Amino acid sequence: MAELENLETHERLRQQVEASNYISRDLSWLQFNYRVLDQAKHIDRSIFDRLKFLAITASNLDEFCTIRLGSLYNYLDYGKERVDYSGLREETYRKYLLTEVQRFVKDTSDYYVQKLKPLFASQGFIIQQYVDLSVEDTKKVNDYFQSIIFPMLTPMVFDNYHTFPILMNNRLLFGVVTKAVGESQNPVKISFIQVPHNLPRFFELNNGGTIQFVAIEDIIRHNVHHLFRNIDIQSVNLFRINRNGDFTLDETDEIESNFLDELRTKLRQRRTGRVVRLEVQGEPDPWMMRLLKIQWDLDEFNISHIPQESLIDFTGLNQIVGHKEFKTKRSQIPAPIRPLNFPESGTQDLFEVLKQRDILLHHPYNSMEPVIELLEKAADDPYTLSIKITIYRVAKDSRITNALLRAAENGKHVSVLFEVKARFDEENNLREAQRLQKAGCFVIYGVNSLKTHTKLMLIVRKDEDDKVYRYVHLSSGNYNEVTSRLYVDVGLLTTKEVYAQDVSEFFNVITGHSQPFAYRNLITSPRDMRIQLCNLVKKEAEHAKQGLPSGIVIKFNSLQDKELIDELYAASQAGVKIKLIVRGMCCLRPGRKGLSENIEVRSIVGEYLEHSRIYYFHNAGEPKLYIGSADAMVRSFDRRIESLFMLEDDFLKKQAINNLYYNLKDNVNAYVMNEDGTYKVKELNGEQPFNIHKEFFRVTREKVAQAKLF
């Protein structure tokens, strides 16, 4: 009866959620993760690529719970008021959201067990249960336990004499309930064991045929008695927790070291933040569950139950996905093509090419090599005077930071704004920033309470003829050569003075104390990005009312800002055709009668992560196109340093238009958003399949010239 009442309540809340003109950011994000899960359901993909996407859904959900669910608990735990876009208050929304999280976890586990797992044997591997091992293989596994795993395990008992241990975030954990024979007072105790995270998730057995993978938790479970001598083991329970990792820094104008110390403290606190979600496998011990609920202030809404035949934490599958034996069975990334405006290769000097023309790069279809090459040449070039760059995320062994180090050693003036608050990259960024600082670079660790998300580089070079050139790179993507092979981004290389002047001014703003009167081609936040974009939307609405041609096409990761959404609604009502390509969360509700009938929303989710931002405004036949780092989110407009830059070159504008045209034409990776916030796969309707993740490798100047949006 109680379960039926919960279902009825959830249905009533669902109707309330759908009545709002705005879609909940968090519920929209869950819909995005369903689209990622859908990639694991593509039967034309290899099992290894399907498991890769399954692992991505798990990693995504961990981050969601750590940050978004953590943020919600910052309101709940401190008694702060919050009303979601859906109109629900804090506690009601918590229950609704966590119910949807539980549903996603169940759907994911069910698909893994019922559809993916049965395919393993035919592909040359299985995940073998300990109890099904042969006598010989059992001995190998037990030897591995005794020699490697056992010495690393530390049971942590909780009783009247021992405090509750701090258990690690996002780690596999065992709760072992034991009973001492003959002990009259408090005979039942619980001990916690953390599964070593620096060992492979699976022990491999390869006897010349099918590779057997035995999960480390399965090995520990069947050998746990070695840790509890002369004690009755009542139950062995596998679980995992997500902790609140959403924190803000109380930054002041005090010296830099205080800020860095505070950052280190916050990072330590993230490891011990309040528990917001608990995953348990199988049928957990009721006594243990009561204890954990009380200890961490949880209820059934916080708990995700994982079937015994499934896995907790699908990211462990990456060991199988990346296994050397299966390399030829995974999809291979095609070799990048030359940029359309830079077909030359080999002997061409990039410094000289950029004096002649701008280059628009489209990753991963174009390599990031021209950007790295420009920076590496500048580091060693005797004519280079200075280098300025903003860094948000870099690769672990970064050619970017290595080039900057070499430039500093070669006597160049190097200024780096290194954003050490980039979420989950804080420690790596802090380490890299300090390396640069020790080498003599001028390093800024962010700007006050703002997060620097813009991607800019400026190289000042005095040529042989004593003429000074400024080489500029502006981009939607990070200076990370590894992710550039997987993330779809756009960037501009140029020496045009209009860009150089804007970027120079912008660096003066973010590294010094300057407020320019105006930029020619830049729109920046938190200065005026929201109002500028809203004005561009309003202008399209005015054109539509006047009977002039109008139209808006925007591609970004997320749309959440209410002010911009309201302007898009108003433009739709004025008759403007609006086409939005939103990879992730979208809080705008398309196709609602009287509100957004002229707005279409689609999402592209496929082999590469769509990360580029392109804003197109028809402008009565004289299109304005902006590219850059900013999504349409409150944080992007108010709490981040972002930039969008306007394209001037006619051919590069056509390239950007073709980019949007291809995204709208895609019928393989495209999902169409319904009014209720759900998505449906784009139907072919007799059309030939058009997959942008393949077609962009075949793009030509002739195809670009034909591109048209309206």
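Results for (1) assigned by TED's automatic domain parsing to the domain that holds residue 211; (2) under 29 Å from residue 628 (Cα atoms), shown as yes or no for each residue.
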position: 282; (1), (2): yes, no
position: 295; (1), (2): yes, no
position: 300; (1), (2): yes, no
position: 306; (1), (2): yes, no
position: 315; (1), (2): no, no
position: 321; (1), (2): no, no
position: 331; (1), (2): no, no
position: 343; (1), (2): no, yes
position: 370; (1), (2): no, yes
Report, by residue number, each residue of the range 431-473 that is over 22 Å from residue 371 (Cα atoms), in a helix (DSSP H, G or I) and basic (Lys, Arg).
431, 438
Of the residues in the range 629-660, those that are small (Gly, Ala, Ser) and either in contact with a Gly (Cβ under 7 Å, 6 or more places away or on another chain) or on the phi > 0 side of the Ramachandran plot (or both) number 1
Taking the range 179-197, which residues are modelled with pLDDT under 95 and polar (S, T, N, Q)?
184, 185, 186
Single residue of the range 685-708 satisfying the filter (more than 29 Å from the chain's Cα centre (by Cα) and of a type in the set (A, V, I, L, M)) that is surrounded by the fewest Cβ atoms within 10 Å (Cβ to Cβ)
705
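Yes/no per residue for (1) among the hydroxyl-bearing types (Ser, Thr, Tyr); (2) outside the structural domain of residue 98 (by TED's automatic domain parsing); (3) under 21 Å from the mean Cα position of the chain (by Cα):
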{"residue": "6", "(1), (2), (3)": "no, no, no"}
{"residue": "13", "(1), (2), (3)": "no, no, no"}
{"residue": "31", "(1), (2), (3)": "no, no, yes"}
{"residue": "47", "(1), (2), (3)": "no, no, no"}
{"residue": "52", "(1), (2), (3)": "no, no, yes"}
{"residue": "55", "(1), (2), (3)": "no, no, yes"}
{"residue": "59", "(1), (2), (3)": "yes, no, yes"}
{"residue": "66", "(1), (2), (3)": "yes, no, yes"}
{"residue": "69", "(1), (2), (3)": "no, no, yes"}
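Every residue, every condition in (1) within 31 Å of the chain's Cα centre (by Cα); (2) closer than 16 Å to residue 626 by Cα; (3) surrounded by fewer than 19 Cβ atoms within 10 Å (Cβ to Cβ); (4) not charged (D, E, K, R), yes or no:
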position	(1), (2), (3), (4)
454	yes, yes, no, yes
461	no, no, no, no
482	yes, no, yes, yes
492	yes, yes, no, yes
504	yes, no, yes, yes
508	yes, no, yes, yes
Kindly indicate which of 498, 503 is out of contact with any strand residue (DSSP E or B) (no Cβ under 8 Å at 6 or more places or on another chain), outside any strand (DSSP E or B), closer than 26 Å to residue 655 by Cβ and of a type in the set (A, V, I, L, M, F, W, C).
498
Matching residues, the range 163-190, being closer than 30 Å to residue 63 by Cβ and assigned to a loop (DSSP other than H, G, I, E, B):
163, 164, 165, 166, 167, 168, 169, 170, 171, 172
Here are some conditions: (1) over 28 Å from residue 43 (Cα atoms); (2) surrounded by fewer than 18 Cβ atoms within 10 Å (Cβ to Cβ); (3) within 26 Å of the chain's Cα centre (by Cα); (4) of a type in the set (Val, Ile, Thr). Residue 333 meets all but one. Which one does it not meet?
(1)
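For the range 222-245, check the following and say yes or no: at least one residue is part of a loop (DSSP other than H, G, I, E, B), under 30 Å from residue 511 (Cβ atoms) and at pLDDT below 85.
Among the residues of the range 222-245, not one is part of a loop (DSSP other than H, G, I, E, B), under 30 Å from residue 511 (Cβ atoms) and at pLDDT below 85, which makes the answer no.
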Test: residue 290 is closer than 30 Å to residue 216 by Cβ, at pLDDT 95 or above, of a type in the set (D, E, K, R) and not assigned by TED's automatic domain parsing to the domain that holds residue 68:
yes
If only one of 145, 203 is touching a residue at least 12 places away in the same chain (Cβ under 8 Å), in contact with a helix residue (DSSP H, G or I) (Cβ under 8 Å, 6 or more places away or on another chain) and part of a strand (DSSP E or B), which one is it?
203
So which residues in the range 474-495 are of a type outside the set (A, V, I, L, M) and not in a strand (DSSP E or B)?
476, 477, 478, 479, 480, 481, 483, 484, 485, 495
Per the list (1) under 22 Å from residue 292 (Cα atoms); (2) modelled with pLDDT under 95; (3) among the small types (Gly, Ala, Ser), residue check on residue 209 breaks on (1)
Being of a type in the set (Lys, Arg) and closer than 20 Å to residue 312 by Cβ is true for just one of 41, 52. Which residue is that?
52
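For the range 332-373, how many residues meet the condition of being among the charged types (D, E, K, R) and closer than 19 Å to residue 403 by Cβ?
Counting residues in the range 332-373 that are among the charged types (D, E, K, R) and closer than 19 Å to residue 403 by Cβ gives 3.
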Qualifying position, being over 16 Å from residue 539 (Cβ atoms), in contact with a strand residue (DSSP E or B) (Cβ under 8 Å, 6 or more places away or on another chain) and either in contact (Cβ under 8 Å) with a residue 24 or more places away in the chain or aromatic (Phe, Trp, Tyr) (or both), among 627, 578, 554
627
Within the range 49-93, restricting to residues that are touching a Gly at 6+ places or on another chain (Cβ under 7 Å) and not aliphatic (A, V, I, L, M), the one that is farthest from residue 201 (Cα to Cα) is 70
Return the residue satisfying two criteria in turn: it lies in the range 481-492 and is touching a helix residue (DSSP H, G or I) at 6+ places or on another chain (Cβ under 8 Å) and of a type outside the set (A, V, I, L, M), and of such residues it is farthest from residue 650 (Cα to Cα).
481
For the range 138-174, the count of residues that are crowded, with 18+ Cβ neighbours inside 10 Å and aliphatic (A, V, I, L, M) equals 5
Among the residues that make up the range 119-137, is at least one of them closer than 24 Å to residue 230 by Cα and either at pLDDT 95 or above or in a strand (DSSP E or B) (or both)?
yes
Output the number of residues of the range 363-388 satisfying the condition of being surrounded by fewer than 20 Cβ atoms within 10 Å (Cβ to Cβ), touching a residue at least 60 places away in the same chain (Cβ under 8 Å) and under 11 Å from residue 410 (Cβ atoms).
1
Hey, among the residues in the range 516-553 that are assigned to a loop (DSSP other than H, G, I, E, B) and touching a Phe, Trp or Tyr at 6+ places or on another chain (Cβ under 7 Å), which one's nearest to residue 496 (Cα to Cα)?
521
Going by what's in this entry, would residue 672 be described as surrounded by 13 or more Cβ atoms within 10 Å (Cβ to Cβ) and within 24 Å of the chain's Cα centre (by Cα)?
yes
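Return yes when residue 641 is over 29 Å from residue 701 (Cβ atoms), touching a helix residue (DSSP H, G or I) at 6+ places or on another chain (Cβ under 7 Å) and buried (at least 22 other Cβ atoms within 10 Å of the Cβ) and no when it is not. Spell out the reasoning first.
Working: over 29 Å from residue 701 (Cβ atoms): yes; touching a helix residue (DSSP H, G or I) at 6+ places or on another chain (Cβ under 7 Å): yes; buried (at least 22 other Cβ atoms within 10 Å of the Cβ): yes.
For residue 641, the condition - over 29 Å from residue 701 (Cβ atoms), touching a helix residue (DSSP H, G or I) at 6+ places or on another chain (Cβ under 7 Å) and buried (at least 22 other Cβ atoms within 10 Å of the Cβ) - is met.
With respect to residue 644, determine if the residue is within 22 Å of residue 493 (Cα to Cα) and either of a type in the set (A, V, I, L, M, F, W, C) or in contact with a Lys or Arg (Cβ under 9 Å, 6 or more places away or on another chain) (or both).
yes
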If we keep just the residues of the range 83-124 that are under 25 Å from residue 274 (Cβ atoms) and acidic (Asp, Glu), which is surrounded by the most Cβ atoms within 10 Å (Cβ to Cβ)?
84
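The values are calculated or read from the model by the stated rules, or taken from the named source; none is laboratory data. The structure presented is a predicted model; accordingly, all values stated were derived computationally and were not measured. Backbone-built Cβ (ideal geometry, glycine too); neighbour counts: all protein chains shown.
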